[in-house]
Amino acid sequence: MDSDDDMHDANDLDSLDDDYYSGDNGMGSDDGDGFEFDNSDDSDDSTSHHHRQQPSYAVLNEDDIRQRQEEVITRISTVLSIPRVSASILLRHYNWDVSKVHDAWFADEERVRKATGLLENSVVPNQNMKELNCGICFEAYPRDRMYAAACGHYFCSACWTGYVSTAINDGPGCLMLRCPDPSCGAAVGQDLINLLVSEEDKQKYSRYILRSYVEDNKKTKWCPAPGCDFAVDFVAGSSSFDVSCNCSFSFCWNCTEEAHRPVDCVTVAKWILKNCAESENMNWILANSKPCPKCKRPIEKNQGCMHITCTPPCKFEFCWLCLGAWSDHGERTGGFYACNRYETAKQEGLYDEAEKRREMAKNSLERYTHYYERWATNQSSRLKAVADLQQMQSVHIEKLSDKQCQPETQLKFITEAWLQIIECRRVLKWTYAYGYYLPENEHAKRQFFEYLQGEAESGLERLHQCAEKELQTYLHADGPSEGFNDFKTKLAGLTSVTRNYFENLVRALENGLSDVDSQGACSKTTSSKNLGGVTKRGGRGKGTTSRTTSTGPSRPQEDSPSWNCEHCTYANVRANLTCQMCNRQSTR
């Protein structure tokens, strides 16, 4: 797997610990038994840095949107030799796509005019008529109080105002307003609307037009952050959909969820659906409760003896183990803390199916809980890091500048470190969703993934520790500290190394860990490396051991007694061909 940057620049490592990222000088070990990202030559570093500085999108404020809108209207009006109002109607009809307008207009102008309600020649009434009858209220009015679209159907100003104002208050549908005459399809332009309605309605209509440029345009979307008025214009064909708005909110332009690399949009949708679905509730009930033999209500037992009494009005007393009536139990059946009947029946296989189902639900629930808790924990850590960054920028930077006699421009490395921590927390959070949907039967990929994830956690914790804890020494110093320059070099080095590692990690996961095949061997680029090194050193990654022990089956295998529904992820008995939760057919 190629990388754009040297994973561990020698200059950075001078100020770092010798054993950074569980290697003497990088990810891999010197004895050739560990996997490492390929290092490219130094010339790629400037190319990668330049690539990071070139966003594939533009953030637009309201003035930018209006300017772009006016430019395309002017272009269409000039090329087609039509009024600007007509050009605006054409563009809205074709979702502000200039190419589509040109293609349709020059292919069949008459059909386009009919579809959009643009008449080629305006109808002019007899100039000698001093009064005209309104087609709505049927009253006669002077000509100066009568208005019409290009079709020549005249209505009084009061009827027009009521008609247009009602349409505007009903929503954006007013942008496609047509003549009030039921038999007429002539478009009502903005010039006529501005003559008839109040200033408030004019602003509403203008706002609708502005929003239509973003909402109907395939290349532009609003930032989904609450209260944000910025829009993002995206360049098609870009390798990444992640964009960062001027409001500091990062999101995926494709699905408008928060930025989620290295996980794809489909996996994010499945993960979000699972987090709010009822399937895990049912798994919890199945794993931690048993139904009352009489009323069938689920009962949870968390302590005490085997004598259970159902809640009123049922009040049925039964044995928790065999679910038989408690009146048939006593000292001869094992007393209050055992049940001989249950043990005998279990040996005969009478409870095998129920126990398998309960154990299956418990494993599924434990596995989901493991990944969800770590996903949520990293989200909380990220939010705290955002708050810490804000406090750093508003309070601590100025304080540190005074105490260390350093200009604030020389302290940008601290802000960059915190920004990197925030970004790494986001990436690390989504690696848990990635790990949850990684097939259990691909053991080599899962083992390698957990190693990489553990190394990422370890490196991020080291950077976070340096930026948060070690900085406090210099914040509370009485004066300039001799070791501040060394701290600066160390923190900048950790930031660079962590950034490069996470960028390579994201690329590896987005490629589906293609360097590891299903047989557990590496691809040609790493054939000389043995994944045994990952096993040997994988325990050094933070939390790696716990991840491997608490996971359960996620997909059906030949020896698995269960299968997970692809729609709702409910754990079903293997014999069932239909999901017990959503009634979807199995795709096995």
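Values as computed for the structure displayed
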| quantity | calculated |
| --- | --- |
| Matching residues in the range 323-339 - criterion: being farther than 13 Å from CYS305 by Cβ, modelled with pLDDT under 80 and hydrophobic (A, V, I, L, M, F, W, C) | LEU323 |
| The range 314-323 - residue that is within 10 Å of PRO293 (Cβ to Cβ) and of a type in the set (Phe, Trp, Tyr) and, of those, most open to solvent (accessible area, probe 1.4 Å) | PHE316 |
| Answer from TYR434, TYR372 - the residue that is of a type in the set (Phe, Trp, Tyr), in contact (Cβ under 8 Å) with a residue 60 or more places away in the chain, open to solvent by 40 Å² or more (accessible area, probe 1.4 Å) and assigned to a helix (DSSP H, G or I) | TYR372 |
| Residues (closer than 17 Å to LEU389 by Cα and in contact with a Leu (Cβ under 9 Å, 6 or more places away or on another chain)) located in the range 450-461 | LEU460 |
| Restricting the range 300-325 to residues that are touching a helix residue (DSSP H, G or I) at 6+ places or on another chain (Cβ under 9 Å) and among the polar types (S, T, N, Q), the residue that is nearest to PHE336 (Cα to Cα) | THR309 |
| Meets criteria (open to solvent by 50 Å² or more (accessible area, probe 1.4 Å), of a type in the set (A, V, I, L, M, F, W, C) and assigned to a helix (DSSP H, G or I)) for LEU389 | no |
| Extreme residue, farthest from the chain's Cα centre (by Cα), among residues of the range 392-423 that are under 16 Å from ASP486 (Cβ atoms) and in a helix (DSSP H, G or I) | GLN404 |
| Only listed residue being modelled with pLDDT under 90, among the charged types (D, E, K, R) and either in contact with a His (Cβ under 9 Å, 6 or more places away or on another chain) or open to solvent by less than 80 Å² (accessible area, probe 1.4 Å) (or both), chosen from ASP31, ASP64, ASP44 | ASP44 |
| Count - residues of the range 324-344 that are at positive phi and surrounded by 17 or more Cβ atoms within 10 Å (Cβ to Cβ) | 1 |
| Among (1) part of a helix (DSSP H, G or I); (2) over 23 Å from the mean Cα position of the chain (by Cα); (3) under 30 Å from GLY493 (Cα atoms), the one test that ARG426 misses | (2) |
| Residue count for the range 130-184, restricted to those that are in contact with a Lys or Arg (Cβ under 8 Å, 6 or more places away or on another chain) and basic (Lys, Arg) | 2 |
| Count - residues of the range 302-313 that are surrounded by 14 or more Cβ atoms within 10 Å (Cβ to Cβ) and part of a loop (DSSP other than H, G, I, E, B) | 2 |
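Yes/no per residue for (1) exposed (fewer than 14 other Cβ atoms within 10 Å of the Cβ); (2) under 23 Å from PRO83 (Cβ atoms):
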| site | (1), (2) |
| --- | --- |
| ASN133 | no, no |
| GLY162 | no, no |
| THR166 | yes, no |
| CYS174 | no, yes |
| ASP181 | no, yes |
| ILE193 | no, yes |
| GLU200 | yes, no |
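The values are calculated or read from the model by the stated rules, or taken from the named source; none is laboratory data. Predicted model only: the values in this text are computed from it and were never measured. Cβ atoms come from the backbone with ideal geometry, glycine included; neighbour counts cover every protein chain shown. Note: areas computed on protein heavy atoms with side chains; ligands, DNA, RNA excluded. Shrake-Rupley method; radii C 1.70, N 1.55, O 1.52, S 1.80 Å.
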